[in-house]
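Structure record follows, encoded as structure tokens.
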């Protein structure tokens with residue numbers, strides 16, 4: 001199990017030095033340790049290469065996303081929200097330790113003008129940070145009356161569902177909620193769906209659980225792409241029978257994660 005972004009911050013606060021020395025030039029080591037990832041890479045560039053598609057728009061990165069830079073071994077940092085990044089580098093402007101702290105992209109770029117920004121991803125290799133507990137919201141927007149281009153549903157084999165909107169990621173506590181939002185997504189101007197008060201309240205309660213309207217940032221979710229890939233592979237095998245075909249589950253899992261990152265950024 002990987003860490004949440006809150007646990008990443010706690011790790012950074014508890015480890016201002018790397019074994020008594022500096023964190024400078026150990027950015028990938030910091031991300032690996034603080035994130036609780038099981039995949040480690042010798043450089044930040046290799047970690048970025050393994051993360052799949054990288055979104056080149058840094059200001060669209062959600063809290064818990066991971067930023068990557070190129071040039072040689074590269075650089076990597078966590079997104080804390082609002083464009084503020086946590087990193088192990090002497091390019092940090094607000095220090096929490098020895099070459100450990102925060103900076104915006106503009107601040108880091110000013111200190112490290114030769115570093116080329118590659119983009120951000122929800123992934124470190126093929127892993128994401130664990131989802132954070134939903135913060136209490138002071139208010140929320142009403143549910144949309146029709147589906148939006150950026151809205152979609154996901155349900156993994158562990159029984160965990162997600163609604164993704166332009167506000168962020170929303171956890172779905174049961175299949176009943178999934179079915180409600182599925183009706184909403186299937187609603188059109190010609191065939192609008194209607195909801196009673198209980199159903200409307202249920203959907204609004206989901207949206208109150210995690211909203212960017214209360215000045216919080218959505219945490220990157222944990223999606224079990226490996227489990228989804230196994231289900232897809234088994235379904236394909238059941239259709240092709242005795243035909244000897246190799247199914248690359250790792251490639252399917254990568255496609256699931258890449259699609260999630262691309263949809264979140266759209």
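To one decimal place, what orientation-averaged projected area in nm² is obtained for the convex hull of the Cα set of the range 5-128? All intermediate terms of the calculation are to be shown ahead of the outcome.
Details: hull surface 25.7 nm².
Result: 6.4 nm².
What length, rounded to one decimal in nm, is gained on full extension from residue 114 through to residue 11, with 0.36 nm per residue of separation minus their alpha-carbon distance?
The span from residue 114 to residue 11 would gain 34.2 nm if fully extended.
Give me 5, 240, 247, 252 ranked fewest to most by other Cβ atoms within 10 Å of their Cβ, as a rough exposure proxy. Walk me through the numbers on the way to the answer.
Details: 5 25, 240 10, 247 14, 252 19.
Starting with the residue having the fewest Cβ neighbours, the order is 240, 247, 252, 5.
Based on other C-beta atoms within 10 Å, arrange 80, 86, 129, 207 from fewest to most. Please report the intermediate quantities before stating the final value.
Numbers: 80 18, 86 24, 129 28, 207 21.
With the fewest neighbours first, 80, 86, 129, 207 line up as 80, 207, 86, 129.
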Hey, fewest Cβ within 10 Å first, where do 115, 85, 203, 175 land in order?
175, 115, 203, 85
State, to one decimal in nm, how far the label point of residue 248 lies from the label point of residue 40, with both points 7 Å from Cα in the Cβ direction.
2.8
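Rule-based calculations on the coordinates, nothing more; no lab input. Given the structure is predicted, the values throughout are model-derived calculations rather than measurements. Cβ coordinates were reconstructed from backbone atoms using ideal geometry, including for glycine residues, and neighbour counts include every protein chain displayed.
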